[in-house]
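As structure tokens, the structure follows; a few thoughts come after it.
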Amino acid sequence: MDHQQNKKKKMIIDTDPGIDDAMAIFVALQSPEVEVIGLTTIYGNVYTSLATRNALHLLEIAGRTDIPVAEGSHVTITKGTKLRVADFVHGVDGLGNLNFPPPKGTPIKETAAEFLVRQAKLCPGEITVVALGPLTNIALAIELDPDFCKNIGQIALLGGAFSVNGNVNPAAEANIFGDPDAADIVFTSGADILAVGINVTHQVIMTDSDRDLLEQSDGKFAKYMCKILDVYYSYHHESYNTKGVYLHDPTTLLVAINPSLVTCMEGVVRVQTTGITRGLTIFFNKQKRFAEVNEWTGKPTVKVAVTVDAPTIHKLVMDRLMNS
Ligand SMILES: O=c1[nH]cnc2c1ncn2[C@@H]1O[C@H](CO)[C@@H](O)[C@H]1O
């Protein structure tokens, strides 16, 4: 038996590809510490059908069609169909408007939630879910199986803006805004949650000159990323005063592999589900005993990333894309 193989972290990536999702998936496939056991898809950067198509396409690019793709929900946890899709960040096709041909593969019969529940049951405590989009599929898995929260290992999620402005509006970060009700279910579920918000991911930047390095490398993932990165760079140049792009999804993926790349606070997170602050994530640090019972009282705690080893993450992303 291959000892190294035994120690690999089993991962399911819940994803809405998405340019930075593509990067995270490639980094995962190049990470010796990880065995990707499946991709599940969700709306967010694109609609769910396109997310599924892109997930299959990316696995074909990587030569990893052995990895199953389970399609996720097309609507929010409250059955909402008015979805907010960020095509202005990723292109209409989600992958930089390159209009790749349709993939040959198809998703498996199980839904994302069914796949998550079954895999967690098969390997209790061993699977890490990396959630890179709105949290609908994870909330559905929690509703489907009361034991899911204890069967699943860790849920590392990209979501929230903790003590900083959001990226959809001053209150809300995109993934939480996409399905705030699902996010509140996940945060208060009692599962082992590690939330990586944009307060952290905005510190991990791929610069314009990093893109030149990728361009010059022979790595197949580096070359593919250079083809699709234009839209993502243009969006950042227009929207932010940074000379580069934020590595939201690859950062979350690498933190899921090695949580010591961040330091965390532990406390209770609730999500605002209505009004002008819909999608706001509010962290309670448990430092005070409030006189009255409130909506945070007695809820399970989660870990929220506060500081990040950005240079190490940046180097890992560059190395893994270039050595592919
Ligand atoms: O302005 C934005 N609106 C919507 N989605 C965004 C925006 N900026 C980045 N992302 C996407 O949302 C996740 C992080 O919040 C990332 O997946 C990123 O690609």
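The values are calculated or read from the model by the stated rules, or taken from the named source; none is laboratory data. Predicted model, so just to flag it, every value in this text is computed and none were measured. Please note: Cβ atoms are built from the backbone with ideal geometry, for glycine as well, and neighbour counts cover all protein chains shown.
If you go through the stretch 183-193, how many residues are among the small types (Gly, Ala, Ser) and within 16 Å of the ligand (Cβ to nearest atom)?
1
Filter the stretch 243-257 down to the residues that are away from the ligand (no atom under 12 Å from the Cβ), surrounded by fewer than 24 Cβ atoms within 10 Å (Cβ to Cβ) and under 15 Å from the mean Cα position of the chain (by Cα) and list them by number.
Within the stretch 243-257, Ile257 is the sole residue that qualifies.
Can you say whether Ala256 is out of contact with any helix residue (DSSP H, G or I) (no Cβ under 7 Å at 6 or more places or on another chain) and either polar (S, T, N, Q) or not in a strand (DSSP E or B) (or both), as far as the supplied structure shows?
yes
Can you pull out the residues in the stretch 119-140 that are surrounded by 18 or more Cβ atoms within 10 Å (Cβ to Cβ) and more than 16 Å from the chain's Cα centre (by Cα)?
Gln119, Ala120, Leu140
Could you count how many residues in the stretch 17-43 are farther than 12 Å from Asp93 by Cα and crowded, with 24+ Cβ neighbours inside 10 Å?
14
Starting from residues that are among the aliphatic types (A, V, I, L, M) and within 11 Å of the ligand (Cβ to nearest atom), keep the ones in the stretch 159-182 and report whichever is nearest to Pro134 (Cα to Cα).
Ile176
Just need a number here: residues in the stretch 60-108 that are assigned to a loop (DSSP other than H, G, I, E, B) and aromatic (Phe, Trp, Tyr).
1
Report yes if Asn167 is in a loop (DSSP other than H, G, I, E, B), out of contact with any Gly (no Cβ under 8 Å at 6 or more places or on another chain) and modelled with pLDDT under 95, otherwise no.
no
Taking the stretch 34-59 on its own, how many of its residues are assigned to a helix (DSSP H, G or I) and either on the phi > 0 side of the Ramachandran plot or not small (Gly, Ala, Ser) (or both)?
Here the count works out to 9.
Within the stretch 101-115, track down each residue that is surrounded by fewer than 17 Cβ atoms within 10 Å (Cβ to Cβ) and of a type in the set (S, T, N, Q).
Across the stretch 101-115, the qualifying residue is only Thr106.
In the stretch 148-158, what residues are more than 16 Å from the ligand (Cβ to nearest atom), in contact (Cβ under 8 Å) with a residue 40 or more places away in the chain and assigned to a strand (DSSP E or B)?
Residue satisfying the conditions is Gln154 alone.
Condition (residue is within 21 Å of Asp179 (Cβ to Cβ), of a type in the set (Ser, Thr, Tyr) and either away from the ligand (no atom under 16 Å from the Cβ) or touching a residue at least 40 places away in the same chain (Cβ under 8 Å) (or both)) applied to the stretch 55-72: is it met by at least one residue?
No: the stretch 55-72 contains no residue that is within 21 Å of Asp179 (Cβ to Cβ), of a type in the set (Ser, Thr, Tyr) and either away from the ligand (no atom under 16 Å from the Cβ) or touching a residue at least 40 places away in the same chain (Cβ under 8 Å) (or both).
Quickly run through the stretch 224-241 and pick out the residues that are within 12 Å of the ligand (Cβ to nearest atom) and outside any helix (DSSP H, G or I).
Tyr240
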